[in-house]
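Computed from the coordinates by the stated procedures, all read-outs in this text should not be read as laboratory data. What you see is a predicted model; the values in this text were computed from it and never measured. All Cβ positions, even for glycine, are placed from backbone atoms using ideal geometry, and neighbour counts span all protein chains on display.
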Amino acid sequence: MRVTVSVAIAGASGYAGGEIARLVLAHPDLSLGALTAHSNAGESVAAHQPHLAAHPAIVGRRFDATSAPALAGHDVVFLALPHGASGAVAAALAEVDPDVLVLDVGADHRLVDPQAWRDYYHSEHAGTWTYGMPELLHAGERTASAQRALLADTRRVAVPGCNVTAVTLALQPGVAAGLVASDDVVAVLAVGYSGAGKAPKTHLLASEAHGAAVPYGVGGTHRHNPEIVQNLQVAGAQQVRLSFTPVLVPMSRGILATVTAPVAEGTTAAQLRDAWATAYDDEPFVHLPPEGQQPTSASVVGANTVLVQVALDERAGRAVITCALDNLVKGTAGAAVQSLNLALGLPETAGLPLLGVAP
Ligand SMILES: NC(=O)C1=CN([C@@H]2O[C@H](COP(=O)(O)OP(=O)(O)OC[C@H]3O[C@@H](n4cnc5c(N)ncnc54)[C@H](OP(=O)(O)O)[C@@H]3O)[C@@H](O)[C@H]2O)C=CC1
Ligand SMILES: CC(=O)N[C@@H](CCC(=O)OP(=O)(O)O)C(=O)O
């Protein structure tokens, strides 16, 4: 008999919380329980998440206020809150519901090094949870199994940052195979606006953003720097030097990362392709398109799919990897549900869309 897993979402009025709700509603083993919000507590769910409004589980519902008692009594709690907010909620929840599976899509529990947290987030570190990237290669691995084993045995998951997912999945096969030098990595990402959340921000005014490409977090200041470095070290990189620059472009969803790193003299395009194919041929959600076919951000909208392409720039002596994903699916909610599936012993792919929407 199929057992239904009940799910609460904190931050359900936001973009990430709304996307988690969409995936939960489509999942064969999950049912939607508490939906909480902050300034919008008491408001209609359908008014804030109109794309979900037709579902019977949404009709007539209002957000509760985020608190441990409001979230307690479920099998699973997703935290989709601003940085710094989830640590306190998670601690209060552990008091009333110690065995609940908690997945934090914010940054609070991702970093291992508390000093890196303080340097980039300027607050006290809440602690480190199991990292929610099943495909993360560990040193010595050419295909990912160690991270899956960790996720299958945890009740606390820190879901990765969306930009971090794109850069890590782009580069890690080359690091694992010893084909690229991790001490000279350059990553430039075109990113969509939903990554910034719903809360108004001055650099996101529609009249200025429409039709413009806007770099931000330039010069090594973006808080995803230490998380990318951490992942490449897990994959076996000895020394990581990273130049990471995101650029807002006028699209709602999506990331297109271009990552380059030097290759050893004599490395061939076939060797590169073989390393990426070895890492990803058996991955359910990471797909290597035919040679020469470039990923586009539009191809993965709404899907948990990641497209990764690798090429050799012989003149530059660098591997050039392009990677497309939907920041709200594989970059957030999809990775969270994939991790939930592993933590609960469900099929890893359950409830997760593989196909995008086009055009
Ligand atoms: N958007 C994305 O692509 C990604 C987002 N994330 C992470 O997910 C988390 C949520 O992001 P996102 O949904 O985009 O942001 P939004 O601004 O869209 O939503 C934020 C949510 O948190 C609630 N909230 C705001 N302030 C507080 C507070 N002080 N205490 C408790 N709850 C609060 C809001 O409630 P209310 O509306 O009622 O005020 C809302 O539900 C962030 O940590 C973000 O970094 C991670 C990967 C990608
Ligand atoms: C467009 C935009 O602003 N994107 C966000 C990415 C959001 C994300 O990945 O979430 P975390 O903040 O949880 O790491 C950024 O670059 O900060």
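Computed values, structure above
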{"item": "Which of GLN147, LEU256, LEU171, positive extreme of dipole for the chain (C-beta unit charges)", "result": "LEU256"}
{"item": "Only Lys, Arg (+1) and Asp, Glu (-1) charged, at Cβ; the chain dipole about Cα centre in debye", "result": "660 debye"}
{"item": "Förster radius 45 Å - calculated FRET efficiency between ALA26 and ALA316, Cβ distance, rounded to 0.05", "result": "0.55"}
{"item": "Cβ crowding within 10 Å averaged over residues, with 128-136, 39-47, 23-31 ranked highest first", "result": "128-136, 23-31, 39-47"}
{"item": "Inter-label distance, nm, simple model (7 Å from Cα along the C-beta direction), ALA72/LYS201", "result": "3.5 nm"}
{"item": "Gained length - VAL188 relative to TYR216, 0.36 nm times residue gap less alpha-carbon distance", "result": "9.0 nm"}
{"item": "Over the chain, relative contact order from alpha-carbon pairs under 8 Å, at least 6 apart, %", "result": "17 percent"}
{"item": "Relative contact order (percent, whole number), region 257-359, Cα cutoff 8 Å, 6+ residue spacing", "result": "31 percent"}
{"item": "Added length on full extension, which subtracts the Cα-Cα distance from 0.36 nm per residue, ARG241 to ALA53", "result": "63.1 nm"}
{"item": "Kyte-Doolittle mean at least 1.0 and Cα axial length at least 18 Å: DSSP H helices in the chain", "result": "162-176"}
{"item": "Share of alpha-carbon pairs per 10 Å distance bin for region 163-328, given as whole %", "result": "11, 40, 35, 13, 2"}
{"item": "For region 62-220, average projected area of the Cα convex hull in nm²", "result": "12.2 nm²"}
{"item": "Relative counts (whole %) of C-alpha pair distances in the chain, using bins that are 20 Å wide", "result": "31, 59, 10, 0"}
{"item": "The chain, helix-only ellipticity at 222 nm - DSSP H runs n ≥ 4, -39,500 (n - 2.57), divided by all residues, nearest 500", "result": "-7500 deg cm²/dmol"}
{"item": "Dipole-positive endmost among ASN40, ALA12, LEU288 within the chain (Cβ charges, Cα centre)", "result": "ASN40"}
{"item": "Region 119-251, relative contact order in percent, only Cα pairs under 8 angstrom and at least six apart counted", "result": "32 percent"}
{"item": "Ordering of 183-189, 246-252 by packing [mean C-beta count within 10 Å, highest first]", "result": "183-189, 246-252"}
{"item": "Likely footprinting exposure, LEU79, LEU354, fewest C-beta neighbours within 10 Å first", "result": "LEU354, LEU79"}
